[in-house]
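Working notes, beginning with the structure itself.
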Amino acid sequence: MADQLYLSLWFPNFRFETLPAALVSVLRQFALISGEKRVHAASAYPISFHETPNYQRIYVNDDRSQDTEASIIENAVAEATEQLHEDTAYEFEMRWNLWAPQPDDDFHNRLDMAPDEESQQAFGRLDTLWKRQPSTVRILGLGPTFDDASFEQNGHIRINFGLDTPWLAETLDDDQLDEDATKHIQQNIEMLLAFTLSVEKNCGISSRLLWTESGEPLAQKLIDRLQRVN
């Protein structure tokens with residue numbers, strides 16, 4: 001079953017007024033790995049996630065748009081955190097392109113023409129194509145009193161990668177996890193690890209934790225997946 005994947009970061013001797021600089025540092029590392037240099041959206045949540053954002057901006061990243069300069073990492077963080085409150089969480093959306101399986105354009109038409117169920121299954125295995133698809137990552141800076149000081153469990157900064165599907169390809173049956181699929185999953189994993197290691201090396205953190213909402217480690221889920229295939 002698909003699971004939410006997070007990376008939590010803690011900083012040594014952390015002072016709240018340094019949160020904007022810490023966010024910029026993490027966002028820059030993501031930009032280096034993803035090649036995506038601009039923020040797509042920014043929000044500020046007061047008290048808890050149950051509250052309506054008291055700041056929100058969605059950027060139009062187009063060379064003809066006035067948002068182009070505003071969506072630069074440093075500018076977006078400065079604007080969103082201009083009013084820095086200890087009971088507020090500041091969230092920034094960026095994107096990277098990850099490999100994902102999808103059928104080709106006329107797959108369903110040819111699948112309908114297959115004479116029996118066995119042939120349809122064979123078609124499904126042969127016609128699984130992989131393409132890079134944009135995936136949203138949410139990088140969140142937590143104020144010390146936001147959500148009852150949840151930073152102690154979630155980190156001073158928490159990165160939400162969304163569902164762990166790109167690293168497990170759970171939308172595919174085990175018999176579809178062929179050499180090509182394994183290669184693309186590995187490439188997605190390499191991007192995830194590259195970002196994690198880049199943050200560890202360049203952002204001055206004291207500790208980090210890659211975790212899933214279910215509590216089951218991603219590495220164990222990947223091992224279990226591959227063992228089913230092999």
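The values are calculated or read from the model by the stated rules, or taken from the named source; none is laboratory data. In this text the structure is predicted, and so the values were computed from the model without any measurement. Cβ: placed from backbone, ideal geometry, glycine included. Neighbour counts: every protein chain shown.
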In this structure, does Gly162 turn out to be exposed (fewer than 14 other Cβ atoms within 10 Å of the Cβ), under 28 Å from Leu27 (Cα atoms) and not acidic (Asp, Glu)? no
Could you check, for the stretch 81-101, whether at least one of its residues is at negative phi, part of a loop (DSSP other than H, G, I, E, B), in contact with an Asp or Glu (Cβ under 6 Å, 6 or more places away or on another chain) and surrounded by fewer than 16 Cβ atoms within 10 Å (Cβ to Cβ)? no
Filter result for Ser8 (closer than 21 Å to Met94 by Cβ and touching a residue at least 40 places away in the same chain (Cβ under 8 Å)): yes
Among the residues of the stretch 11-45, which ones are in contact (Cβ under 8 Å) with a residue 60 or more places away in the chain and in a strand (DSSP E or B)? Tyr45
Output the residues belonging to the stretch 194-212 that are of a type outside the set (A, V, I, L, M) and at pLDDT 95 or above. Phe195, Thr196, Ser198, Glu200, Lys201, Asn202, Cys203, Gly204, Ser206, Ser207, Arg208
